[in-house]
Amino acid sequence: MTDLSTPIKPGAMMVEAHSPGLALRSLVIGLTAFLTVVDLFATQAILPSLTRHYGVTPAAMGFAVNASTFGMAVAGLVVGFFSPHIDRRTGILLSLALLAIPTSLLAFAPNLAVFTALRVAQGLCMAAAFALTLAYLGEQCSAKDAGSAFAAYITGNVASNLVGRLISAAVADSLGLAWNFYFFAALNLAGAVLVYFTIQRVRPMHAMMPAASPLSATLAHWRNPQLRAAFGIGFCILFAFIGTFTFVNFVLVRPPLSLGMMDLGLVYVVFLPSVVTTLLAGKVAARLGTRPTIWSALAVAGLGLPLMLAPHLGEVLAGMVLVGVGTFFAQAAATSFVGQAATDSRGIASGTYLACYFCGGLAGTAVLGRLFDAFGWAACVTGVGVALALAALLTFALKPKAR
């Protein structure tokens with residue numbers, strides 16, 4: 001991905017002649033993903049502080065913070081629909097540059113309604129860049145390289161969960177909530193700079209025009225039972241992930257665990273194993289097949305749920321590690337599957353998948369937030385388990401291709 005828009009031979013995606021090779025490609029893909037979505041979950045690390053600042057309930061603040069997923073769902077659909085007509089380089093560059101505006105405005109949002117609207121705007125910008133990059137990877141990767149490329153991109157996403165939370169907790173703890181958002185606005189601009197310098201030297205890539213209209217292509221994707229199941233799996237994955245890593249913050253700061261803000265940020269070192277394991281998702285899916293890979297990943301996530309109900313920090317952290325590893329691994333496998341299962345209009349397929357994925361996050365925030373406020377953490381964890389089980393059932397529809 002040293003050049004996102006160069007015409008590339010299959011199997012040599014985004015690697016120039018003078019490039020060190022696949023390691024550099026994976027690094028740049030991952031860094032682009034990191035800078036694209038670093039804002040998405042970083043704010044979760046300061047949820048308790050934001051809840052006190054705005055004087056609202058955990059469910060209300062959790063919904064406001066995760067309202068970005070609504071913007072991402074909308075942008076995923078819109079960008080996917082118009083993907084054939086959007087220049088990849090220009091779209092990604094503008095999305096990341098514009099993202100800095102709502103991010104910086106969050107520093108002085110006067111109330112929860114404005115805060116929520118700005119998070120939606122962030123989501124619109126993040127998803128536009130995210131969807132266009134995924135569409136590009138799906139178009140330019142050979143079948144052999146697709147799994148590794150998508151895994152590198154999702155790994156950057158995983159890293160943003162870890163590093164973003166650590167940065168957010170550290171900056172907010174030392175400089176205050178406002179400077180937290182200014183710092184992330186600077187990261188958004190850094191993402192735009194990265195895209196500018198990795199693409200500018202080549203002629204712009206124009207998306208491949210589909211045979212059917214965007215509406216027809218969208219309907220065709222929904223009629224495909226395998227893609228329909230993959231969309232549902234994506235919904236369930238983020239539903240479970242949001243439910244776990246939004247509301248566990250309130251458990252961690254309450255007795256008997258009683259962590260401080262900086263300690264809460266450091267807790268998210270639990271994502272470090274996910275950064276390593278997600279890179280392997282493409283190779284594992286190629287060797288074992290998509291269905292066994294997703295089932296195994298969901299089982300790992302499920303094993304972490306009872307641990308998070310324990311009153312001891314070590315067990316809770318172990319449970320968070322397992323849920324993180326499992327959900328991200330399953331997400332990487334499902335994302336790669338969509339890119340390969342869509343025989344044409346891959347930009348629309350990727351956009352539809354992302355819309356379903358992020359709708360799952362918003363639904364998870366709303367449903368599991370209500371459960372958390374009304375019945376407590378155990379009810380929230382039970383809801384996460386139901387979502388993982390539903391994803392496992394949907395995985396039966398992902399039939400391997402006949403050889």
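Nothing in this text is a laboratory measurement; each read-out follows from the coordinates by a stated rule. Just so it is clear, the model here is predicted, and its values are computed rather than measured. We place every Cβ from the backbone using ideal geometry, glycine too, and count neighbours over all the protein chains shown.
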Looking at the stretch 266-403, I'd like the Rg to Rh ratio, where Rg is from alpha-carbon atoms and Rh is Kirkwood's inverse mean 1/r. 1.00
Quick query: amide H of LEU259 versus all other amide H atoms, modeled in the peptide plane; which residues come in under 5 Å with a sequence gap of 5 or more or a different chain? VAL253, ARG254
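Counting alpha carbon pairs within less than 8 Å and at least 6 residues apart, what relative contact order, in whole percent, applies to the stretch 266-403?
On the way: 133 pairs, mean separation 39.5, N = 138.
Worked out over the stretch 266-403, it gives 29 percent.
List THR244, THR343 from most exposed to least, where exposure is judged by having the fewest other Cβ atoms within 10 Å.
Details: THR244 25, THR343 10.
In increasing order of surrounding Cβ atoms, one gets THR343, THR244.
Which length gain, in nm to one decimal place, applies between ALA397 and VAL193 when the Cα-Cα distance is subtracted from 0.36 nm times their residue separation?
Stretched out fully, the ALA397 to VAL193 stretch lengthens by 69.3 nm.
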Using Cβ contacts closer than 10 Å as the measure, can you line up ILE29, ILE242, ILE86 from fewest to most? ILE86, ILE29, ILE242
Zone of HIS312's modelled label, taken as backbone nitrogen in the stretch 341-382 under 20 Å from a point 7 Å along Cα→Cβ: 378
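Assuming R0 = 35 Å, what is the FRET efficiency of SER216 and LEU272, from their Cβ-Cβ distance, to the nearest 0.05?
Details: r = 44 Å, r/R0 = 1.26.
With R0 = 35 Å, the Cβ-Cβ based efficiency is 0.20.
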Sites ALA60 and MET262, calculated FRET efficiency, Cβ-Cβ separation with R0 35 Å, nearest 0.05: 0.90
